[in-house]
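Report on the following structure.
Just so it is clear, none of the values below were taken in a lab; they were calculated from the coordinates. Computed from a predicted structure; not experimentally measured. Cβ sites come from the backbone with ideal geometry, for glycine too, and all protein chains shown count toward neighbours.
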Amino acid sequence: MVSGGESGWLAEPDSAVHRALRTELLAARERRAGAEVRVLDVGGGSGAWAVPMAAEGCRVTVVDASPNALAALGGRVREAGVEDLVSAVQGDVQTLTDVVGESAADLVLCHGLLEVVDDVGAAVAQLAAATVPGGAVSALVAGRHAAALAQAHAGRLAQARAVLADPAGRSGPHDPLQRRLSMAALQGLLESAAGLSVELVQGDGVFEGWLPAAVLESDPGGPDGLEELESIVAATPELLVLAARLHVIARRPGALG
Ligand SMILES: C[S@@+](CC[C@H](N)C(=O)[O-])C[C@H]1O[C@@H](n2cnc3c(N)ncnc32)[C@H](O)[C@@H]1O
């Protein structure tokens, strides 16, 4: 259960995203006066975020378009022994409130989702509507500028140019993602299309793909060193925009629910 945030999954791994979610869950628990915090994980897949959150005592609903992902979620839920706290619903984010209703959750996750949906404006509007007034949306999205740098680093200069020139930030017609976002675009989307108020922006994986494996392998303190480094740059404005994934906590205005 989330208490002082000292133990459990929310403290380990100790990434900036985990820290932000821990803060958000503690605040939601306080608002709920001890009642279960309601989490909606949209595009939650096989439960990488949902299952540990349930293990922390949250009541989690996973909405995902893929029956295969939901089947995998079922296995993970049983393995973790959190069947009573996790519900799985097949559905599309673009019609989310048809399946979960309005103001359904204190915290709504959309991690790895906005880059794969058809109508991203409709998606964020639905995410906001499913959030209780005063609650928060946590968005984790593939970063456009990191992708351009990664393509150039791999010697694919045409693809790097395409990621920068294409309004959707795609490297070409075979790009598996529908879009990548800059931090400014992500913020603009959540504020203008969803009416949310962005409270926190941070980078997840600024150094991802840049450090030679040998650096980590040869240094026993390497992983910790990297975690510490990432934790510094996650909040460094000049660098966070270059992260592999961009993370935002955005609040739905209104009375605290
Ligand atoms: C990259 S996975 C992310 C999984 C998980 N959120 C995570 O961070 O590990 C994207 C998930 O979104 C789901 N998805 C794709 N389009 C969707 C849509 N329109 N509505 C709901 N889920 C969707 C996919 O089935 C997949 O499980």
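Quick notes on this one:
- Between T23 and F207, the contour length at 0.36 nm per residue exceeds the Cα-Cα span by 63.8 nm.
- Choice from L114, L226, L246 showing the highest fluctuation, given a GNM over the chain with Cα pairs closer than 10 Å: L226
- Counting other Cβ atoms within 10 Å as a rough exposure proxy, the listed residues H145, H247 run H145, H247 from fewest neighbours to most.
- Stretchable slack from D14 to L229, in nm (0.36 nm times residue separation minus alpha-carbon distance): 76.2 nm
- Rounded to the nearest 20 debye, dipole of the range 153-257 from Cβ charges on Lys, Arg, Asp, Glu: 720
- GNM on the chain, alpha-carbon springs under 10 angstrom: the most fluctuating residue among A33, A185, A152 is A33.
- The mean of 1/r over all pairs of different alpha-carbon atoms in the chain, once inverted, gives a Kirkwood hydrodynamic radius of 18.8 Å.
- You can think of it this way: the chain between N68 and Q90 has 6.9 nm of extra reach, that is 0.36 nm per residue less the Cα-Cα gap.
- Between E36 and V99, the FRET efficiency estimated from the beta carbon spacing at R0 = 25 angstrom works out to 0.80.
- Residue exposure proxy: W210, W49, ordered by other Cβ atoms within 10 angstrom of their Cβ from fewest to most, comes out as W210, W49.
- Cβ-derived FRET efficiency at R0 22 Å, V116 paired with A184, nearest 0.05: 0.60
- For the chain, the longest principal axis of the C-alpha atoms and the axis of helix 16-31 are separated by about 20°.
- Least to most buried among M183, M53 (fewest other Cβ within 10 Å first): M183, M53
- For the range 80-132 and the range 230-257, distance of Cα centres in Å: 20
- With a simple spin-label model that places each label point 7 Å from the Cα along the Cα-to-Cβ direction, the separation between S192 and E238 comes to 2.9 nm.
- Percent RCO, i.e. relative contact order, over the chain, from Cα pairs under 8 Å lying at least 6 residues apart: 19
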